[in-house]
Amino acid sequence: SQQGEEDPQALSIQEGENATMNCSYKTSINNLQWYRQNSGRGLVHLILIRSNEREKHSGRLRVTLDTSKKSSSLLITASRAADTASYFCATDRNNAGNMLTFGGGTRLMVKP
Amino acid sequence: SAVISQKPSRDICQRGTSLTIQCQVDSQVTMMFWYRQQPGQSLTLIATANQGSEATYESGFVIDKFPISRPNLTFSTLTVSNMSPEDSSIYLCSVQGSGWGHPYEQYFGPGTRLTVT
């Protein structure tokens, strides 16, 4: 089974609203990463948070990590129609941090 | 970050045939990875390909079905052999950041959309 599970599976919001996506995982990790995928294309790396970090920001993105609950959240503030995409969390399974296990993903629709 | 290209971008193939997917990186990288994304699903790691050694396959994936080559530090191929409709997926290669990025970040190619009829 997949390491990460994400909720919601689908999210529809209006432009300008905030979008929050959650990810849970099962085993200990070194890092957790978030990716975006537009319409079945390649993945774009958004942000990486280390296991000893609790929060990280990048532009309109805010990621939190709670290792005690084995969960992470991705917040997109002031969403835009261009943010419409699928968002995946990914955790590493080894100390090299390169063998990723992906969550099921959240399909975000931002309506103009 | 690295620029990663894949060929073909998409293909429609008949069952029983094989397709070789190419992945080219504009920087030398030690490790390359191949993922499969079935329709509407998330990504699953198929194998890890290091230059100069045999690929390491994940549970559920075997070399006879998905042979991989890694002839140099910038190139890899994945062959989907004896295809069936269940192999219809997007196949993506990725590389790990090294020097030009965070060492734990992975960068993905645009993917190859395969449809098997």
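The values are calculated or read from the model by the stated rules, or taken from the named source; none is laboratory data. This structure is a prediction, so every number in the text was calculated from the model and none was measured. Here the Cβ is made from the backbone with ideal geometry for all residues, glycine too, and neighbour counts use every protein chain on show.
Per-structure values
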| item | result |
| --- | --- |
| Matching entry among B:LEU45, B:LEU92 (being in contact with an Asp or Glu (Cβ under 6 Å, 6 or more places away or on another chain) and not in a loop (DSSP other than H, G, I, E, B)) | B:LEU45 |
| In segment A:47-67, residue nearest to the other protein chains (Cβ to nearest Cβ) [restricted to those that are modelled with pLDDT under 95 and under 29 Å from B:GLN38 (Cα atoms)] | A:LEU48 |
| Condition met for B:THR77 (assigned to a strand (DSSP E or B), over 19 Å from B:VAL29 (Cβ atoms) and modelled with pLDDT of 95 or more) | no |
| Matching residues, segment A:68-98, being in contact with a helix residue (DSSP H, G or I) (Cβ under 9 Å, 6 or more places away or on another chain) and within 14 Å of chain B (Cβ to nearest Cβ) | none |
| Count of segment A:54-112 residues which are assigned to a loop (DSSP other than H, G, I, E, B) and within 11 Å of A:ILE29 (Cβ to Cβ) | 6 |
